[in-house]
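Read-outs: derived from the displayed coordinates by stated rules, not from any lab. Since the structure is predicted, the reported quantities are computational estimates derived from the model, not experimental observations. Counting neighbours? That spans all protein chains shown, and the Cβs are built from the backbone with ideal geometry, glycine included.
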Amino acid sequence: MNSPLNNTTFCLHTFGCQMNKHDSERVEGMLEALGSLPVQSVEEADIVVFLTCCVREAADTRLYGQVSSLKNLPLRDGSPLRQRIVAVGGCIGQRDGEKLVQQMPHLNVVFGTHNLASLPGLLEVAASQGGHQVEVLEASENFNDQLPSVREQAWAAWLPITIGCNNFCTYCIVPYVRGREKSRPLEDIQAEAQELVGQGVKEITLLGQNVNSYGRDLYGRPRFVDVLDAVAETGIERIRFATSHPKDLTDEVIERFATLENLMPYLHLPAQSGSNRILKAMNRRYTREHYLDLVRKVREACPGIALSTDIIVGFPGETEEDFLDTLALVREVGYNQAFTFIYSRREGTPAAAMEDDTPREVIQERFDRLVEAVQEGACAANQAFLGAVQPVLVEGSSKRDERLLVGKSPHNVTVHAPLPEGVSAEQLAGSTVNVRIDEARTWYLSGKLAE
Ligand code: 5AD
Ligand code: SF4
């Protein structure tokens, strides 16, 4: 092997959404193919790659701190490189490009969301010639589906079906950094799903910012339901998908929860707010009533289905009354899980120009009330599993106790159970075991192995 990266070590820091996690599996695959070895700490790493997120401000600030802290860190003994290479990619790379190396001159490589495949080449040039290597493209040419990949868990795979987003929710930076929505041809998705099944993968998660509008650009009409049918046909044990925009969730897709055995009873359906006034200002293009009607239909098709959501608190102009509508929605739905966020102003989005005079303490106090309501809902929802036998796809052992196996139920709830004598979690990882649930907490269930 004659790559200048041969015999180097790398450490990967990934932030943000599942799309980044998927990209990081590709980065790992590409670097390993060139002879670089993954390591856990930046001290041991010759190459440090950040796959960044700019959806909220906190991630921005963190990146600057982390990159700065590498400035004076010595390179490990025995490194084939003359200096450590630091690379920043993902959404901040795409958004800021050249600006990043001006602000952080010790940064060596910047790449964007559309040119993951260029990363090895950029790192090689940086290793052999030094200097700043910056490459950010306007749009994606392909899905990078030919790139090698190292999956975090051999039995679970992400499968991107669309990239980009056309929705322009007024708070969100994603359409500006990830570009317009582009769907991957159905045949390619089906072929990859088939290949994954052949490799022994048990669970496929179909990925896109809005999977429900899949196909509009390719076929003139949404065809997400065809993707579900095609992937289900491969016989894969478990199918999940994320994310669904409520304005595009069709009756056909809802019906598949009733008819496709391998489509798991779990739906992530971001509401963002329970107030029609705020939903309008967010440009979400559905009402609270429409959302609740979807929830009703989904539960009718699939009784007991687990629901999760995303909620933003403190959108510009949110009043106490608007917030109470959100709180009431959360209580009415009774989510199994909710990802709650404080609104973060993103330069360049329409909401950044909206008047925003709610005091920080008021927003924080609303956020705390929301989190409490979410926890109560999740705890109550988990009680429904008490006494039931759940098929659990084993992931490994608990961090607290290595004699406890950890896995996910079909409803995507974390389940703990004592391992049988003489059997390790590694031996069971990737297989499905039955667990009779005898304890239901807010964020997990516990039980004993059952026949
Ligand atoms: N501020 C706070 N939360 C945001 N999200 C997206 N943009 C912002 C923002 N500017 C949240 C939304 C989305 C999730 C991935 O991140 O809830 O669904
Ligand atoms: Fe952002 Fe809205 Fe697109 Fe989701 S649907 S990525 S929140 S613009």
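Remarks
- Among M19, M104, M354, sorting on how many other beta-carbon atoms sit within 10 Å of each Cβ, with the fewest leading, yields M354, M104, M19.
- Near-label residues of region 303-322 by backbone N, under 13 Å of a point 7 Å along Cα→Cβ of E372: none
- Restricting region 34-130 to GluC sites (Glu not before Pro) that sit in a DSSP loop and have at most 15 other Cβ atoms within 10 Å of their own Cβ leaves E43, E44.
- Measure of compaction for the chain (Cα Rg per 2.2 N^0.38 Å): 1.01
- Charge tally around E203: other residues with Cβ under 9 Å, Lys/Arg +1 each, Asp/Glu -1 each, net +3.
- Region 342-394 versus region 126-177: alpha-carbon centroid distance in Å: 27
- Computing FRET efficiency as 1/(1 + (r/R0)^6) for T319 and T61, where r is the C-beta to C-beta distance and R0 is 35 Å, gives about 0.75.
- Antiparallel DSSP beta bridges within region 317-451, percent to nearest 5: 85
- Potential extension, A117-E426 segment - 0.36 nm per residue separation minus Cα distance: 108.0 nm
- Label-to-label distance, N7 versus S128, with points set 7 angstrom from Cα along the beta-carbon direction: 1.7 nm.
- The aspartates and glutamates whose alpha-carbon is closer than 17 Å to the alpha-carbon of K182, local same-chain residues fewer than 8 away aside, are D23, E138, E141, D145, D217, D226, D248.
- Förster-model FRET efficiency, 25 Å R0, A154 and E402, C-beta, rounded to 0.05: 0.80
- When the helices of the chain are scored as -39500 (n - 2.57) per DSSP H run of n ≥ 4 and the total is divided over every residue, the value at 222 nm lands at -10000 deg cm²/dmol.
- Relative contact order [Cα under 8 Å, 6+ residues apart], the chain, whole percent: 10
- The Cβ shell under 12 Å around H106 holds other residues with a net charge of +2, Lys and Arg each +1, Asp and Glu each -1.
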